[in-house]
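Colleague: Pasting in a structure now, in structure tokens, and then I'll have a few things to ask.
The values are calculated or read from the model by the stated rules, or taken from the named source; none is laboratory data. None of the values given here were measured: they were computed from a predicted structure. We place every Cβ from the backbone using ideal geometry, glycine too, and count neighbours over all the protein chains shown. The protein model used for the area step is the full one, side chains on, heavy atoms only, and it has no ligands, DNA or RNA in it. Shrake-Rupley method; radii C 1.70, N 1.55, O 1.52, S 1.80 Å.
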Amino acid sequence: MNDDSGYDEYGIPVIPEAVSSSQAKRRAITDAAIAEFLAGGYSAASVDAIASRAAVSKPTVYKHFGSKERLFLAVIGGVLNNAYADLQPCGATVTEAADLRAALVRVQADWARLQLSDGLLSLRRLVIGEVERFPQLGRLWYRRGYAAMNAPLVDAVRELDARGRLVVPDVERAVTQLVAVTVSVPQLAKTFDPGYALTDAELVALVTDGVDMFLARYAVAV
């Protein structure tokens, strides 16, 4: 059974790499656990069901992960760590754009589409439902999301302020406002109402309105 002492900075268990002969079983357990946890949350998922779905024995699950709690944290933490891996860096897209408005609309619309994807929304609902039991997952989600999108935007807006294209007294607050009026509203609506739907044209229109509000406040008149 795994030692309970190995955790990363967010409180997520560090599970040693499986030896080559066990990698297929590890992957099967991980995939099965993700499916079971997403289907019913932590409490409803059983190690028996995970083992059955993975076609391994229950002792094999414990051998690899130590406990149900460590299994949940490790597999969901792993998904969170990779949730934004496909998001393209936005800094240069914004700072080097001849048309700042169009660049911001494109970047924020891409971010909103990702946040509204079924896979990410299912994961978001799971973490929200379990955050009191596992607050480290909430902290990890926030940090990963901030690093993927907010932090590059903060750097980009700060650079545009330095160049005189924007006048932004509080860059962190300005970026928070931009995210709120472009991404956060549809994300919140879809999180709690699975039937909520926007066409892509409606999403782009919503994002464009948000970007226009941001620029009306911070852009330098030309």
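Colleague: Provide the solvent-accessible area of T176, counting protein heavy atoms only and rolling a 1.4 Å probe, rounded to the nearest 10 Å².
Modeller: 80 Å²
Colleague: Another one. Can you tally the net charge around L120? Count Lys and Arg as +1, Asp and Glu as -1, for every other residue whose Cβ sits under 15 Å from the Cβ of L120.
Modeller: Local net charge: +2.
Colleague: Work through the residues other than K25 whose Cβ is under 15 Å from its Cβ and net out their charges, Lys, Arg +1 and Asp, Glu -1.
Modeller: +3
Colleague: Measuring from centroid to centroid over Cα atoms, what is the spacing of the range 153-222 and the range 82-144 in Å?
Modeller: 13 Å
Colleague: Round to a whole number: what % of the accessible area of the chain belongs to carbon and sulfur, probe 1.4 Å?
Modeller: 53 percent
Colleague: Select one label from (i) 0.94; (ii) 1.07; (iii) 1.12: the one whose number is Rg/Rh (Cα atoms, Kirkwood Rh) as derived from the coordinates shown.
Modeller: Checking each listed value against the structure points to (ii).
Colleague: Hey, another quick one. Long-range amide H contacts for Y7: which residues qualify at under 5 Å (H placed 1.01 Å from N, peptide plane, sequence gap of 5 or more or a different chain)?
Modeller: Distant-sequence amide H within range of Y7: V14.
Colleague: Of S184, L126, L215, whose Cα points farthest to the positive end of the dipole of the range 107-222 (charges on the beta-carbon: +1 Lys, Arg; -1 Asp, Glu; origin at the Cα centre)?
Modeller: Sorting the options by dipole projection puts first L126.
Colleague: Here's something else I'd like to know. Whole-Hz ³J(HN,Hα) for each residue in the range 138-154, computed from phi via Karplus 6.51 cos²θ - 1.76 cosθ + 1.60 with θ = phi - 60°, x for glycine and proline: what do you get?
Modeller: Karplus values, whole Hz, x for Gly and Pro: x, 5, 5, 4, 4, 5, 5, x, 4, 5, 6, 10, 4, 4, x, 5, 4.
Colleague: Still on this structure, I have one more. Counting only pairs 8 or more places apart or on different chains, how many lysine pairs in the chain have C-alpha atoms closer than 24 Å?
Modeller: Lysine pairs meeting the criterion: 4.
Colleague: Can you run phi through the Karplus equation (6.51, -1.76, 1.60; θ = phi - 60°) for the range 121-132 and list ³J(HN,Hα) in whole Hz, with x for Gly and Pro?
Modeller: Karplus values, whole Hz, x for Gly and Pro: 5, 4, 5, 4, 5, 4, 5, 4, x, 10, 5, 5.
Colleague: While we're on this one: Select from Q88, L114, L137 the residue farthest towards the positive end of the dipole of the chain; place +1 on Cβ of Lys and Arg, -1 on Cβ of Asp and Glu, and compute about the Cα centre.
Modeller: Going by the charge dipole, the pick is L137.
Colleague: What does the charge dipole of the chain about its Cα centre add up to, to the nearest 20 debye, if the Cβ of each Lys and Arg holds +1 and the Cβ of each Asp and Glu holds -1?
Modeller: About 400 debye.
Colleague: State in Å² the accessible area per residue of the chain; use a 1.4 Å probe, count heavy atoms of protein chains only, and round to the nearest integer.
Modeller: 52 Å²
Colleague: Next question, about the same structure. Calculate one ³J(HN,Hα) per residue across the range 38-52 by plugging θ = phi - 60° into the Karplus curve 6.51 cos²θ - 1.76 cosθ + 1.60, and present them in order as whole Hz with x for glycine and proline.
Modeller: 3J(HN,Hα) across the range 38-52, in whole Hz: 5, 6, x, x, 5, 5, 6, 7, 10, 5, 4, 5, 5, 4, 5.
Colleague: For the range 91-222, which semi-axes, largest first and in whole Å, follow from the square roots of 5 times the eigenvalues of its Cα gyration tensor?
Modeller: Here the semi-axes work out to 28, 18, 11 Å.
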